[in-house]
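The structure appears right after this line, and notes come after that.
Rule-based calculations on the coordinates, nothing more; no lab input. Predicted model, so just to flag it, every value in this text is computed and none were measured. Using ideal geometry, Cβ is built from the backbone for each residue, glycine included, and neighbour counts are taken over all protein chains shown.
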Amino acid sequence: MSLVSEESCVFCKKPLHEAVLETTLERTASPRTFKLLRCDGCGLVATTPRLPKSELEAYYQAEYWGRASADDLAWVRRDQRPRTAFLERFRREGRLLDVGCGLGLFLLALDPRRWDRYGLEAMPAAYQEAITRLGADHIVKGELTAAEFPAGHFDVITFWDVLEHLPDPVAALRQAFCLLRAGGLLLLRLPNFAGYTARRFGEDWYELALPYHLYHFTPATLTRLLEASGFKVRVVEASLGTQHYHALKHSLLRRLTRLHGPSSGRLRYYLLKPLLHPWEWVSTHWGGGSSMQVCAERPVTPPS
Ligand SMILES: [Zn+2]
């Protein structure tokens, strides 16, 4: 089977040399070994080899999309609270595009009297679910780089757990810049490869999520990409919500069952479980969270 080779950096074009991690996925009939390589120039970390699009789509269709019941709007609003709370720290109304909107739950959680809600989704099953909730005229099927919105059309563009899945995150950020009006905001949530859980658990880190995550960002590498795309970075911080706890819990469980087998590993996990909440609190505050949230602005006056 052919694999797409990824030997130079998508951002700065320098070689990807330094291997930071190697792991084998045993989930399918033919196990695959992946290496994470760091760029010599900008420090961005990429998953290699890159699986061809057809093979990645098969993984997504088999595993990634569940169906969620969105009938209970109160539940949707609670579930999406970390995202909506982050958004409303900066903006309370406007025209918003959610890139990779999935089932449309984030858009559904926004008050339609204050937000003109648009979504973009490439996966057919998720797209179908999203249009039943938000209407075919507000959900566009496909990739951001191919979408035909007018320049400067949006007040806010969001990427919730999306940037790390894109084959060309640099092109996506540049396109987002074009689609935002001057003073418009880009909000992102994504795993933090420099955070405590990523560093402590390595190949067992829950948010490594191979083969889906094609790039692994740190606050430093993401800031570099955003600034090179024209953005002014306003906030980079540990994300809100329960992701850090879940990431720590699942990473620990994976590590212990891999080292000690399923039964003994689970027993050790349950013995350590009472420590998880304080462990998560301390590691997120002092070691960096498992995921980060970012707010960047398209400046009103472009930097000279
Ligand atoms: Zn680079």
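Output the residues belonging to region 117-143 that are more than 17 Å from Arg83 (Cβ to Cβ) and part of a strand (DSSP E or B).
Scanning region 117-143 gives Ile139, Val140, Lys141.
I'd like to check something: does region 154-167 contain any residue that is under 22 Å from Trp115 (Cβ atoms) and polar (S, T, N, Q)?
Yes, that holds for at least one residue.
Among the listed residues Leu134, Leu173, Leu187, which satisfies the condition of being under 23 Å from His244 (Cα atoms) and of a type in the set (A, V, I, L, M)?
Leu187
Residues of region 151-172 being assigned to a helix (DSSP H, G or I), crowded, with 16+ Cβ neighbours inside 10 Å and aliphatic (A, V, I, L, M), which ones?
Hits for region 151-172 are Leu163, Val170, Ala172.
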